[in-house]
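Structure, as structure tokens:
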Amino acid sequence: MDNARIDRIIESHGGEASSLIQVLLEIQGENRWLPREALKRVSDRLQVPLSRIQHIATFYKTFSLSPRGRHEVHICMGTACHVRGATRVLDAVQDLIGIGPGDTDLNLRFSLDTVNCLGCCALGPVMKVNGKTHGKLSPAEAVEVLKSYE
Amino acid sequence: MSEVRLQIDGKDVVTREGATILEAARSAGIFIPTLCHHEKLEPYGGCRICIVEVELRGATTLVVSCVHPVEDDLVVRTRSERVDRIRKTLLELMLAHAPDSPPLQELAVEYGADKDRFEKEASFCIHCGLCVRYCAEVVKKNAVGFVERGTRKEIAFIPEIAARECPTCKECLPLCPTSYLQAAFVLTEAFAFRSVSSEAAPEE
Ligand code: SF4
Ligand code: FES
Ligand code: FES
């Protein structure tokens, strides 16, 4: 992400230090991660110390300081999903994409994470891909769903 | 500015309005232990070791003396069975992280804290924030900050700033109660100073 784009995002938020989190969210949303150079630019422009920005960027799970995949996969490991076989879904997904929770594959296709309850337990086991919820999944169905994401 | 009259450990103390209990006690020569407090820094209330018992209109509660303002007729007890027990547990928790910290060991003797009570988890930093706040508030360079949260929270130097500012400052190093700060600084220096200075070189 180039500085011009970052500057436009900052300006769209009025260039106020108080909009720091909104600015970071927007960069994260567009770029899928927060490169150090981008954080330095934000720090300069908003006059917020880099140490503060780094604390915020590491505090919230939404932000990532390393590159993320094109598709965000969240597999629910909450109690309800767990008893309905979430572990087997997770295993199948790991086998397919070759990475564990917290990781991103080298082609930047998928980032995989586990979560503890997505709030729709009746649909368990639940997997979310780029925000879209897939429920009542068998391991094979989960694999089929992911195959459709390039 | 109006005066406030209170009692600390049986002694009548007169102090200015807006002072903290800790300031009032110190001005009266009464010692309250502190770990995250520093005169040049804004009150923080991070370590809780300065906790005291206060009584006002018949009700007794515990407050953190380095952030709690004085009030007329407040009766403060800086040592009581309850206060001592809390300080002991706090020390034991911190000693699980930094068993060899001199200030912690000293207080441990005073409060009978057992450094082996909790399983060791040597992360060394006790999150007093002295380094982070001193660099931000006094030196105003923000070369060191916190990262992560909860049990993963730790301090981290910002190599780009540290390489430029720290070699001639290092004022924060003696403030750290555990020496973790020195260790973190030396590691940052070893791993990251050269790479950031070579990055910065073309611009200069
Ligand atoms: S490194 Fe030392 S001074 Fe800094 S927060 Fe940790 S214990 Fe406190
Ligand atoms: S446990 Fe999975 S959605 Fe609640
Ligand atoms: S000295 Fe008061 S909370 Fe640390």
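The values are calculated or read from the model by the stated rules, or taken from the named source; none is laboratory data. Note that the structure is a prediction, hence the values are computed from the model and not measured. Positions of Cβ are backbone-derived with ideal geometry, glycine not excepted, and every protein chain shown enters the neighbour counts. SASA here: full protein model, heavy atoms, side chains in, ligands and nucleic acids out. Shrake-Rupley method; radii C 1.70, N 1.55, O 1.52, S 1.80 Å.
Protein heavy-atom surface of the protein assembly as shown, 1.4 angstrom probe: 51% of the accessible area is carbon and sulfur, with nucleic acids and ligands not counted.
Of the residues making up segment B:129-145, those losing 30 Å² or more of accessible area when the isolated chain is joined by the remaining protein chains, with a 1.4 Å probe, are B:142.
At a threshold of 10 Å², the residues of segment A:43-60 that become less accessible to a 1.4 Å probe in the full protein assembly than in their chain on its own are A:49, A:50, A:51, A:54, A:55, A:58, A:59.
For segment B:80-204, what is the charge dipole size about the Cα centre, in debye to the nearest 20, if Lys and Arg each add +1 at the Cβ and Asp and Glu each add -1 at the Cβ? List each step's numbers first, then the result.
Details: 16 positive and 20 negative charges, 61 e Å.
Rounded to the nearest 20 debye, it is 300 debye.
Going down the list A:128/B:153; B:88/B:120; A:40/B:140, which pairs span over 19 Å between their C-alpha atoms?
On the way: A:128/B:153 28 Å; B:88/B:120 16 Å; A:40/B:140 17 Å.
Result: A:128/B:153 exceed 19 Å.
Pairwise Cα distances in the protein assembly as shown exceed 27 Å for 63 percent of all pairs.
Axis of helix B:102-111 versus longest Cα principal axis of chain B: the two differ by about 20°, to the nearest ten degrees. Taken as Cα centroids, segment A:1-69 and segment B:54-90 sit 43 Å apart, rounded to the nearest whole angstrom.
If you plug the beta carbon distance of residue A:60 and residue A:140 into 1/(1 + (r/R0)^6) with R0 = 35 Å, you get a FRET efficiency near 0.50. Per residue, the accessible area of chain B comes to 54 Å² when a 1.4 Å probe rolls over the protein heavy atoms. Remark: segment A:71-147 carries a charge dipole of roughly 280 debye about the Cα centre, counting +1 on each Lys and Arg Cβ and -1 on each Asp and Glu Cβ.
Nearest 100 Å² is fine: how much accessible area is buried between A and B, summed over both sides, with a 1.4 Å probe? Write down the numbers at each step before the final one.
Details: alone 8230 and 11550 Å², together 18780 Å².
Heavy-atom accessible area buried at this interface is about 1000 Å².
Let me make sure I get this right: for segment A:3-59, a, b and c are the square roots of the gyration tensor eigenvalues over alpha carbons, sorted descending. Under 1.5 in a/c it's rounded, otherwise prolate if a/b > b/c, else oblate. Which is it? Rounded.
Mean-square fluctuations from a GNM of chain A, with a 10 angstrom spring cutoff on Cα atoms, peak among A:95, A:113, A:103 at A:95. Please work out the Cα center distance from segment B:23-50 to segment B:105-125, rounded to the nearest Å. Each part's Cα centre sits 20 Å from the other's. Remark: the protein assembly as shown carries a charge dipole of roughly 640 debye about the Cα centre, counting +1 on each Lys and Arg Cβ and -1 on each Asp and Glu Cβ.
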